[in-house]
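**Q** I'd like to ask you about the structure that follows.
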Amino acid sequence: MKKIAVRIDDVTPGMDPNKMLRFTNLLDRYQIKPLIGIIPANRDDTPGMAPDPNDTIDFEWIRMKIAEGYVPAMHGCNHVYTTEDAGIFPLNPFSEFAGVSLYDQLKLIGYGKKLLRNKGIDTDVFMAPGHSYDINTLKALKHFGFKYVTDGFGRRPYTQGGLTFLPISLLRSLELKDPEDGVTTFVVHTWMMDDPDFEEYEKLFSEHRERFINFDELFKITPVRRSRGKHYAEYTAARLKRFAGSIKK
Ligand SMILES: [Zn+2]
């Protein structure tokens, strides 16, 4: 049976603490350790994740969760979409990185990494805002010592452009029915969740706890080499998913 890891996007000081804590309490109750995508210098003012210094979610809280076994990832730098480029994994027609010059991507990624380090958080996992990145993003990531990207479709981790990709879920319901071995990652935006979403996850964890793994289990799997044909299939699947409109930024 396919095993499922969990990632939480948009973790940044000031985000909606009620929903964030409601979800992490649920994970903690089922002892599931997720990947958390931390935005180093959030400038996204979308309601629900807008910077607010009075909120409970701060870097101290983030460091505490990492000490408990949550795995940190760098979720872009500012989380502001500056291009209409979908990149090489085209789930969304906008990006903080895809279509940006290599020079500027190096600046963004280097700055983000430095900020996180200054907050006592070190990571070699990258989570692209909007899932969008291009070849230059991969070059800039390697330059700054990143090894993993949480994105792409597939049954197991794979290497591409010198980095290891840890695949995300194409369709939640299909992954659960998948009888064959493999791994995937469910993508969670807590600030977008409402009561029914929390109830759905509660049901999922209580009925299928054995399917869920801690995120760091993915690092223990030897990645496969991705062929060009497989990349094309992934590109097509991402476009189809975008037009089905079922993934949000
Ligand atoms: Zn995001």
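The values are calculated or read from the model by the stated rules, or taken from the named source; none is laboratory data. Note that the structure is a prediction, hence the values are computed from the model and not measured. For neighbour counting, all protein chains shown are included, and Cβ atoms are generated from backbone atoms with ideal geometry for every residue, glycine included. Protein only, heavy atoms only, side chains kept; ligands, DNA and RNA dropped before computing areas. Shrake-Rupley method; radii C 1.70, N 1.55, O 1.52, S 1.80 Å.
**Q** Could you sort 218-231, 150-163, 113-126 so that the peptide with the highest average Cβ count within 10 Å comes first and the rest follow in order?
**A** 150-163, 113-126, 218-231
**Q** For the stretch 1-129, what is the convex hull volume of the alpha-carbon atoms per residue, in Å³?
**A** Measuring per residue, one finds 124 Å³ for the Cα hull of the stretch 1-129.
**Q** Can you pull out the GluC sites (Glu not before Pro) in the stretch 5-102 that DSSP calls coil and that have at most 13 other Cβ atoms within 10 Å?
**A** GLU68, GLU84
**Q** If you bin every alpha carbon distance in the stretch 177-249 into 10 Å steps from zero, what whole percent lands in each bin?
**A** Using 10 Å bins, I get a P(r) of 13, 33, 41, 12, 0 for the stretch 177-249.
**Q** Rounded to the nearest 0.05, what FRET efficiency do ARG155 and TYR103 give with R0 = 30 Å and r taken as the Cβ-Cβ distance? Could you check?
**A** Taking R0 as 30 Å, the efficiency between ARG155 and TYR103 is 0.25.
**Q** Sticking with this one: Can you tell me the Rg and the Dmax, both Å, for the Cα atoms in the chain?
**A** Rg then Dmax for the chain, in Å: 16.9, 49.
**Q** Treating the beta-carbon of each Lys and Arg as +1 and of each Asp and Glu as -1, no other charges, what is the dipole magnitude of the stretch 2-248 about its Cα centre, to the nearest 20 debye?
**A** The calculated dipole for the stretch 2-248 is roughly 1140 debye.
**Q** For the stretch 2-248, build the charge dipole from Cβ charges (+1 Lys, Arg; -1 Asp, Glu) around the Cα centre, then report which of TRP191, GLY229, GLN31 sits farthest towards its positive end.
**A** Value: GLY229.
**Q** Just for the chain, what percent of DSSP beta bridges are antiparallel, to the closest 5?
**A** Once the DSSP bridges in the chain are tallied, antiparallel ones form about 15 percent.
**Q** Report the net charge of residues surrounding LYS114, where surrounding means a beta-carbon distance below 14 angstrom and charges are Lys +1, Arg +1, Asp -1, Glu -1.
**A** +3
**Q** Explain nothing, just the number: relative contact order of the chain, from Cα pairs under 8 Å at least 6 residues apart, as a whole percent.
**A** That works out to 26 percent.
**Q** Non-local amide H neighbours of PHE212 (under 5 Å, H modeled in plane, Pro and chain starts lacking H): which ones?
**A** ILE4
**Q** A further question follows. Please report, in debye to the nearest 20, how large the charge dipole of the stretch 36-175 is about its Cα centre when each Lys and Arg carries +1 at its beta carbon and each Asp and Glu carries -1 there.
**A** So the dipole magnitude of the stretch 36-175 works out to roughly 600 debye.
**Q** Follow-up question, since we're still on this one. Which of the GluC sites (Glu not before Pro) across the stretch 144-249 are loop residues per DSSP, with 13 or fewer other Cβ within 10 Å?
**A** GLU180
**Q** Where in the stretch 2-79 are there trypsin sites (Lys or Arg not before Pro) that are in a DSSP coil and have at most 13 other Cβ atoms within 10 angstrom of their Cβ?
**A** Here the sparse-neighbourhood loop sites are ARG43.
**Q** Work through the residues other than THR137 whose Cβ is under 13 Å from its Cβ and net out their charges, Lys, Arg +1 and Asp, Glu -1.
**A** So the environment of THR137 carries a net charge of -2.
**Q** What does a probe at LYS230 reach in the stretch 130-157, counting residues whose amide N is under 17 Å from the point 7 Å along Cα→Cβ?
**A** Backbone N within reach: 148-157.
**Q** Let me ask something else. Pop out the carbon and sulfur fraction of the accessible area of the stretch 1-66 as a percent, whole number, probe 1.4 Å.
**A** Answer for the stretch 1-66: carbon and sulfur cover 48 percent of the accessible area.
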